[in-house]
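Report on the structure given below.
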């Protein structure tokens, strides 16, 4: 398996994979980055994952690429290389596509009492591929954003833990029987939605939904938009 992404969510998944006796063919993270968190694992710093499609195809032993906390968008060079790209998206699909940290703010502004992590197959769109599995979690009525986000990241990791052995046993795994269809409409929360957040300052839920707490330093774009 190949892993693409960054941060603790990526490296926790790599560690879990190794701890369970599964192979890690390669880890790719954006350049410039700090040195690989696991020097014993093949590592490639990249600015555009599509520029190294041939390297990914050559390194892969099972045809599976995991995308975790990954901001790079997969395009034809990778998607046409015979690889199956699986992404863990922090958000219920198709309702909350796009930047997960932005989508969560809007979910809280809308009064959502539940959010989710979704495993889906990557296609040419953004968070539009077939869904394979999901894990939901509650949003407390009085909980600030930073508490909800931390819970969601834990659910993302648990979803990976649940699904990785199934994919390892069958790289063509079709997903859980009760998985969401992923065919309904929904919203896309990208940079335009990020720029429009300030319009919601009068919303009674705004303070709670934008309370980044100690996470502000980890979400610079969101923090800047909220200033």
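Only the coordinates and a few stated rules stand behind these numbers; no lab work does. The model shown is predicted, which means the values in this text are computed figures rather than measured ones. Quick reminder, even Gly has a Cβ in these numbers, built from the backbone with ideal geometry, and neighbours come from all protein chains shown.
For region 38-78, the equivalent ellipsoid built from the Cα gyration tensor has semi-axes of 16, 14, 11 Å, listed from largest to smallest.
With N the number of residues in region 11-62, Rg(Cα) / (2.2 N^0.38 Å) evaluates to 1.15.
Ellipsoid fit via the Cα gyration tensor, region 78-125: semi-axes of 26, 9, 7 Å, each the root of five times an eigenvalue, largest first. Stretched out straight at 0.36 nm per residue, the stretch from residue 8 to residue 227 would grow longer than its current Cα-Cα span by 76.2 nm. Convex hull volume of the Cα atoms of region 125-184, normalised per residue: 116 Å³. Full extension of the chain segment joining residue 203 with residue 124 gains 24.9 nm, where the gain is 0.36 nm per residue of separation less the Cα-Cα distance. Sorting 218, 206 from the fewest to the most surrounding beta carbons within 10 angstrom yields 218, 206.
For region 1-112, the relative contact order comes to 26 percent (Cα pairs under 8 Å, sequence separation of at least 6). Summarising the strand pairing of region 36-133, around 60 percent of its internal DSSP beta bridges are antiparallel.
Taking the 0 to 90 degree range and rounding to the nearest ten, how far is the long axis of helix 100-109 tilted relative to the main principal axis of the chain, both from C-alpha atoms? Its long axis makes an angle of about 30 degrees.
Using a Gaussian network model of the chain in which every pair of alpha carbons under 10 angstrom is joined by a spring, one finds that among 115, 43, 214 the greatest mean-square fluctuation is at 214.
Compared with the dominant principal axis of the Cα atoms in the chain, helix 145-169 is inclined by about 20°. Once the Cα atoms are used to define both axes, helix 7-19 deviates from the longest principal axis of the chain by about 40 degrees.
Between residue 172 and residue 218, residue separation times 0.36 nm minus the direct Cα-Cα distance comes to 13.1 nm.
With the alpha-carbon atoms as the only input, what is the per residue convex hull volume for region 108-227 in Å³?
Taking the convex hull of the Cα positions in region 108-227, it is 131 Å³ per residue.
Using C-alpha pairs below 8 Å separated by at least 6 residues, the relative contact order for the chain is 19 percent.
How big is the antiparallel share of DSSP beta bridges in region 2-226, given as a percent to the nearest 5?
40
So for the chain, what percent of the C-alpha to C-alpha distances run longer than 25 Å? The calculated P(r) of the chain puts 40 percent of pairs beyond 25 Å.
Note on residue 158 and residue 112: the model spin-label points, each 7 Å out from Cα along the C-beta direction, lie 1.7 nm apart.
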